[in-house]
Amino acid sequence: MTISGNRKLTSKIELPDEDFEPMPEGDKQRRNLSYTTEALRLWFEKQQNIYVSGNLFIRYEEDLAEKRVSPDLFVVFGMSNEDRVSYTIGKDGGKAPDFVLEVTSKGTVTKDRKENPLIYRDLGVKEYFQYDPSGEYLKPTSLQGVRLENAKYVAIAVSTLPDGTLSLHSEVLGLELHMYPDLSFRFYDPISNQVLRSYAEAEHARFQAELERSFEQQARIEAEAIAEQERNEKLQERLAKEQAEAIAEQANLEKQQAEAIADRANLEKQQAEIAQQLAEQKAQRLAEMLKALGINTDEIL
């Protein structure tokens, strides 16, 4: 078989876009197929020149309907992200996928391990990964990857994280592929330290974020209301204190005024008594003077 990644192919016959083969087995395969494609589409959605797809025919031999593969997930850099019915290398600038991931099942394990690597190598696929969500068919580990070096596939090193997660680095994607101890799978961005989400997970995260923002806003409003109430209470306490002080000051002033009036009245009384005493003393002296002169004051009165 002659495969060229650069020559332009022109299809001369109508080729089917479906192979009518059964879908992959089991819910785990289905869930992971959905996740892998959705996660990378969301991750690269703002970049117009990255095409992400899966379960789509890749045609690589002119006019030969059987010369095709349908990876569970593939990524092509330098290609528009427009929707396609199939991806024909000859029609798409001779550009083969840069990244391929196969979700292995009982019905696909032989093809994924023996046939597809030869095809992807000859097509020039830079990285080829396999993932077995059941843990039954892919050995020794359920997540494996190879990288194209000098026209040969070389195994990508597997590292084990402290929590038991298997991690393989994709140079093509700039991401890590993580398989957790329960055999679940996620793409991981080591730069932002975040797990890539599916559409449903992204929507749920968005809803949770909005809900948290709503709770935070409500809590902020309640906190502001409590703070305002506390400020009002403190203001009322201050006003009440000032009013009590004003009343006390007024009472003290009134007391001082009453004392001043009493003092004045007492002074006036003392002055009256003194005036009376002076008058009496004056009258007595006058009487004594008259008596000295031989005048009987009793006869005068």
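Read-outs throughout are calculated quantities, based only on the coordinates presented, and are distinct from any laboratory measurement. As the structure is a prediction and not an experimental result, all values here were calculated from the model. Cβ: placed from backbone, ideal geometry, glycine included. Neighbour counts: every protein chain shown.
Some points to look at:
- In the stretch 193-223, the qualifying residues are those that are among the hydroxyl-bearing types (Ser, Thr, Tyr) and over 13 Å from the mean Cα position of the chain (by Cα), and the one that is farthest from residue 164 (Cα to Cα) is 199.
- Subset of the stretch 162-171 (residues that are assigned to a loop (DSSP other than H, G, I, E, B) and surrounded by fewer than 17 Cβ atoms within 10 Å (Cβ to Cβ)): 162, 163, 164, 171
- Residues that are in a loop (DSSP other than H, G, I, E, B) and closer than 11 Å to residue 43 by Cβ within the stretch 181-197 comprise 192, 196, 197, listed in sequence order.
- Scanning the stretch 172-200 for residues that are touching a Ser or Thr at 6+ places or on another chain (Cβ under 6 Å) and surrounded by fewer than 16 Cβ atoms within 10 Å (Cβ to Cβ) yields one hit, 180.
- Qualifying residues in the stretch 171-196 (those that are among the aromatic types (Phe, Trp, Tyr) and touching a helix residue (DSSP H, G or I) at 6+ places or on another chain (Cβ under 8 Å)) - the one farthest from residue 104 (Cα to Cα): 187
- Scanning the stretch 117-162 for residues that are within 38 Å of the chain's Cα centre (by Cα), among the acidic types (Asp, Glu) and under 25 Å from residue 77 (Cβ atoms) yields a total of 1.
- Qualifying residue in the stretch 282-297 (condition: at positive phi and of a type in the set (Gly, Ala, Ser)): yes
- Filtered residue count, the stretch 108-155, keeping only those that are outside any strand (DSSP E or B), within 26 Å of residue 94 (Cβ to Cβ) and not acidic (Asp, Glu): 13
- Considering residues of the stretch 75-93 that are assigned to a loop (DSSP other than H, G, I, E, B) and surrounded by 16 or more Cβ atoms within 10 Å (Cβ to Cβ) only, the residue farthest from the chain's Cα centre (by Cα): 90
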